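The values are calculated or read from the model by the stated rules, or taken from the named source; none is laboratory data. All of these numbers come straight from a predicted model, not from anything done at the bench. Backbone-built Cβ (ideal geometry, glycine too); neighbour counts: all protein chains shown.
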Amino acid sequence: MRRTIAGCLAASLIVTPAMAQTSPPAPTGPYGMPMQEWQGASCLWGGFLAGFGVFYYSDVLTVAATGATNPLLLVPLIATGFAAGCSVAANASPGLTWLYRKVM
């Protein structure tokens, strides 16, 4: 019994370990940027464009939300527009980059 256990233990120590696996290359966005940086840049321009759009239409949006023109709601409306534009652009940028690479 001891020989069997010792033999199994010796055989398990003799087995060579598997070769180390290499990680796949990190996905890159345009201009060789890492995808996380590309998503951050997309968040900034998407948030800026959405915030500017909300500022441009702030009177219409404020009247639609409250029924009257209220300049105090301008900051929360712009912040909400920026957050929404940032989220959409950051989530859409990897897919749009992939689609652009497939088409071109």
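Data table
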| read-out | value |
| --- | --- |
| Any hit, the stretch 9-25, residues being at pLDDT 90 or above and out of contact with any His (no Cβ under 9 Å at 6 or more places or on another chain) | no |
| Close pairs from the stretch 77-103: first farther than 16 Å from residue 43 by Cβ, partner small (Gly, Ala, Ser) and part of a helix (DSSP H, G or I), Cβ under 7 Å, at least 6 apart | 77/58 |
| Residue in the stretch 57-66 that is more than 30 Å from residue 104 (Cβ to Cβ) and of a type in the set (D, E, K, R) present | yes |
| Test: residue in the stretch 92-104 that is surrounded by 17 or more Cβ atoms within 10 Å (Cβ to Cβ) and either in a helix (DSSP H, G or I) or of a type in the set (Val, Ile, Thr) (or both) | yes |
| Number of the condition not met by residue 79 [criteria: (1) within 14 Å of the chain's Cα centre (by Cα); (2) at pLDDT 90 or above] | (1) |
| Residue 81 within 30 Å of residue 26 (Cα to Cα) and in a helix (DSSP H, G or I) | no |
| Filter pass, residue 62 being surrounded by 17 or more Cβ atoms within 10 Å (Cβ to Cβ) and either over 16 Å from the mean Cα position of the chain (by Cα) or among the hydroxyl-bearing types (Ser, Thr, Tyr) (or both) | yes |
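Okay, residues lined up against (1) aromatic (Phe, Trp, Tyr); (2) in a helix (DSSP H, G or I):
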site	(1), (2)
22	no, no
25	no, no
31	yes, yes
36	no, yes
40	no, yes
49	no, yes
55	yes, yes
63	no, yes
